[in-house]
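First the structure, in the form of structure tokens, and then the observations on it.
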Amino acid sequence: METLSPLEKKLLLELQKKGGKAEPEEIDMELVKVMNAASWLQSKGLVGIEEKYIKEYELTEEGKKFLEEGLPEKKILKGIEKVKIEKLEKKYGKENVAIAIGWAIRKNWCKIIKENGERYVILTEKGKEEINKKQPEEEALEKVAKGMVIDENIAKVLKRREAIKEKGKAKRKIYLTENGWEVVKQGIKIEEEISQLTPEIIRSGEWKKKKFRKYDVKAFAPSIYPGKLHPLTQLIEKIRRIFSQMGFKEIKGSYVESTFWNMDALFIPQDHPARDMQDTFYCKKPSKIEIDEELIKKIAIVHEKGGETGSKGWRYKFDYEEAKKALLRTHTTVNTIRYIAQHPEPPAKVFSIERVFRRENIDATHLPEFHQIEGIIYEENADFSMLKGILKEFYSRMGFEKIRFRPSYFPYTEPSLEVEVEWNGKWIELGGAGIFRPEVTLPFNAKAPVLAWGLGLERMAMILLNVDDIRMLYFSDIEWLKNLPLL
Ligand code: PHE
């Protein structure tokens with residue numbers, strides 16, 4: 001009650017007076033105000049608005065002429081018994097005469113005969129009589145002019161004669177709903193109240209004497225759809241913020257990388273299935289990226305026999321040419337190993353959120369291009385529990401309370417883990433992590449432990465945005481995007 005405006009209250013009272021139901025026009029208020037108040041009351045559930053479509057007619061220009069001058073068959077044939085058609089045509093025009101005679105014949109008012117090659121109209125007895133009477137069409141036209149209802153059969157004829165046309169009219173009735181009746185029965189008082197506070201009202205002190213209208217926070221309001229960032233961009237920004245707040249610095253890499261940095265430097269054996277043409281996009285131009293032979297040699301030794309890393313290596317003959325092949329990076333771990341190689345002195349905390357490429361068939365959970373959230377902590381005393389703590393912290397800041405770790409395997413980390421989050425009662429894998437092996441770090445003179453992770457962005461987005469098809473994230477479905485809440 002306290003949230004009702006004076007106009008809404010007035011309308012409720014008016015409706016009560018009219019027995020609970022009335023046409024807007026019957027209400028003793030300005031029509032726009034009635035409709036405005038009614039739609040607010042409707043959104044509050046206090047009134048309903050019933051709408052019926054009623055068929056009505058209006059006169060066309062032709063119809064108005066008929067009404068003024070009489071029907072053409074009357075006008076043209078009045079006072080005639082027999083006349084040359086040609087004569088009529090000269091007076092009224094060929095077309096008008098044809099129309100008039102056409103209707104007159106249909107009504108049995110006249111006949112046409114031929115004499116000496118001339119055409120004549122001859123009025124029948126019926127014609128002579130009817131021509132002086134008011135015709136049903138004319139009566140109907142008068143009714144239409146007055147806004148009265150006419151018989152459908154005659155309406156059909158008049159429509160055919162293009163004398164009237166249909167105009168639909170919605171007939172509305174406003175009625176009190178059950179809740180509306182309840183409010184009305186409590187007794188409505190209309191008193192002056194303040195619904196908008198202005199500087200004048202405050203200055204004058206008027207506000208002290210008057211009542212304030214309460215806000216109705218549940219009142220209907222139209223939806224507005226302001227421009228906003230794509231949800232993935234919003235998500236990336238949020239993640240960026242979280243890592244920055246946790247003391248990480250953002251790094252960037254490039255799409256095209258050498259196999260050396262993407263794989264060899266990470267101790268991924270050269271015959272690893274992930275290197276297959278089936279899984280990786282290799283580039284044609286450039287097909288090779290030159291790499292310092294000394295650098296390759298260092299890594300080659302580790303692959304072959306372990307070098308000075310304490311490892312036995314993979315025990316195969318390292319192929320230098322293979323290392324130079326150009327590819328689209330398959331993971332952003334290439335960013336962090338490059339960073340370590342350039343900054344072998346600890347400590348470091350860096351992250352990247354960037355696109356990677358894999359030869360995947362597109363389906364509901366796979367895309368050939370997606371993003372990884374990559375990061376490392378490089379510092380003395382860093383350990384596995386710290387890695388788990390950081391991941392837990394990150395996911396909790398993203399809103400995932402329940403996560404779990406499972407043992408996993410990557411050629412470049414030991415120990416390794418897989419992160420899973422619980423969603424809809426299912427565990428979903430979101431990424432991998434581990435501590436870089438000495439085979440990875442020692443060739444670059446990195447002596448402290450490196451905690452590393454690579455997490456999927458799109459998978460997480462699917463959960464947060466509640467979509468079960470990863471392609472939705474790239475479809476640009478405007479309706480979906482418009483209605484998505486801000487992250
Ligand atoms: N590079 C791994 C992947 O693409 C993730 C990972 C990163 C694992 C760092 C361990 C350490 O799935």
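The values are calculated or read from the model by the stated rules, or taken from the named source; none is laboratory data. Here the structure is a predicted model, which means the values were calculated and not measured. Methodologically, a virtual Cβ is constructed for each residue, glycine included, from the backbone with ideal geometry; neighbour enumeration extends over all protein chains shown. Accessible surface areas use protein heavy atoms only, side chains included; no ligands, DNA or RNA. Shrake-Rupley method; radii C 1.70, N 1.55, O 1.52, S 1.80 Å.
A 1.4 Å probe, protein heavy atoms only, puts the accessible area of Ile362 near 100 Å². Residue by residue, region 73-79 carries 3J(HN,Hα) couplings of 5, 7, 4, 7, 9, 4, x Hz when phi is fed to the Karplus relation 6.51 cos²θ - 1.76 cosθ + 1.60 (θ = phi - 60°); x denotes Gly or Pro. For region 140-228, the Cα gyration tensor yields ellipsoid semi-axes of 51, 21, 17 Å (square root of five times each eigenvalue, largest first, whole Å).
Would you work out if region 315-399 is rounded, prolate or oblate? Take a ≥ b ≥ c from the square roots of the eigenvalues of the alpha-carbon gyration tensor; rounded if a/c is under 1.5, else prolate when a/b is larger than b/c, oblate otherwise.
Working: a/c = 2.28, a/b = 1.14, b/c = 1.99.
Taking the square roots of the gyration eigenvalues as a ≥ b ≥ c, region 315-399 is oblate.
These residues, Met462, Met148, go from largest to smallest accessible area, 1.4 Å probe, as Met148, Met462.
Summarising the overall dimensions of region 58-166 from its C-alpha atoms, the Rg and Dmax are 14.6, 50 angstrom.
Between the helical axis of 231-245 and the longest alpha-carbon principal axis of the chain there is an angle of about 40 degrees.
Among the listed pairs Lys134/Lys159; Lys114/Lys159; Lys74/Lys143, give every one whose C-alpha distance is greater than 23 Å.
Violating the 23 Å limit, Cα to Cα: Lys114/Lys159.
Using Cβ point charges alone (K and R +1, D and E -1), the dipole size of the chain about the Cα centre works out to roughly 2220 debye. When the square roots of the Cα gyration tensor eigenvalues are ordered a ≥ b ≥ c, the ratio a/c for region 120-274 is 1.5 or more and a/b does not exceed b/c, which makes its shape oblate. Region 105-131 and region 62-100 have Cα centres spaced 13 Å apart.
Per-residue 3J(HN,Hα) values for region 3-13, derived from phi via the Karplus relation 6.51 cos²θ - 1.76 cosθ + 1.60 with θ = phi - 60°, read 9, 7, 7, x, 5, 5, 4, 4, 5, 4, 5 Hz in sequence order (x marks Gly and Pro). Summing Lys and Arg as +1 and Asp and Glu as -1 over all other residues whose Cβ lies under 10 Å from the Cβ of Glu369 gives a net charge of 0. Taking the alpha-carbon centroid of each part, what is the distance from region 135-187 to region 201-232 in angstrom? After rounding, the separation between the Cα centres reads 40 Å.
In region 58-166, a dipole from Cβ-located charges (positive for Lys and Arg, negative for Asp and Glu) runs towards its positive end, and of Pro72, Cys110, Ala163 it is Cys110 whose Cα lies farthest in that direction.
Could you pull out the trypsin sites (Lys or Arg not before Pro) across region 192-272 that fall in loop regions by DSSP (anything but H, G, I, E, B) with no more than 15 other Cβ atoms inside 10 Å?
Lys209, Lys210, Arg213, Lys214, Lys218, Lys228, Lys252
Within the same chain, aspartates and glutamates fewer than 8 places from Lys87 are excluded, and of the rest, those with a Cα less than 18 Å from its Cα are Glu73, Glu95, Glu115, Glu118. Heavy-atom accessible surface of the chain, averaged per residue, reaches 57 Å², computed with a 1.4 Å probe. Taking amide H atoms as placed 1.01 Å from N in the peptide plane, the amide H of Ile164 lies under 5 Å from those of Thr60, Lys159, each 5 or more residues away in sequence or on another chain.
Annotation: average projected area of the chain is 47.2 square nanometres, based on the convex hull of Cα atoms across all directions.
Write out the trypsin sites (Lys or Arg not before Pro) in region 389-487 meeting two conditions: DSSP loop, and at most 16 other Cβ atoms within 10 Å of their Cβ.
Values: sites: Lys392, Arg397, Lys402, Arg404, Lys426, Lys447, Arg459, Arg471, Lys482; in loops: Lys402, Lys447, Arg471.
Passing both the DSSP loop test and the Cβ count: Lys402, Lys447, Arg471.
What distance in nm separates the simple spin-label points at Ala219 and Lys238, each placed 7 Å from Cα in the Cβ direction? My value for the distance between the label points is 3.2 nm. The calculated pair-distance distribution of region 381-487 uses every alpha carbon pair, bins of 10 angstrom beginning at 0, and gives 13, 38, 27, 15, 6, 0 percent.
The chymotrypsin sites (Phe, Trp or Tyr not before Pro) of region 290-379 that meet both conditions, a loop assignment by DSSP and at most 12 other Cβ atoms within 10 Å of the site Cβ, are Tyr316. Within the shell defined by Cβ-Cβ distances under 14 Å, the residues around Leu11 carry a net charge of +2, with Lys and Arg each +1 and Asp and Glu each -1.
Computed from Cα positions, the angle between helix 31-43 and the longest principal axis of the chain comes to roughly 40 degrees. By the gyration tensor of its Cα atoms, with a ≥ b ≥ c the square roots of the eigenvalues, what is the shape of region 1-106: rounded for a/c under 1.5, prolate for a/b over b/c, or oblate? Here region 1-106 falls in the prolate category.
With the full set of protein chains in place, find how many percent of the accessible area of the chain is carbon and sulfur; take the probe as 1.4 Å. Let's see the in-between values first.
Numbers: 13940 of 27730 Å².
Heavy-atom surface of the chain belonging to carbon and sulfur, 1.4 Å probe: 50 percent.
Computed about its Cα centre, the charge dipole of region 58-166 is approximately 380 debye, with only Lys, Arg, Asp and Glu carrying charge at their Cβ.
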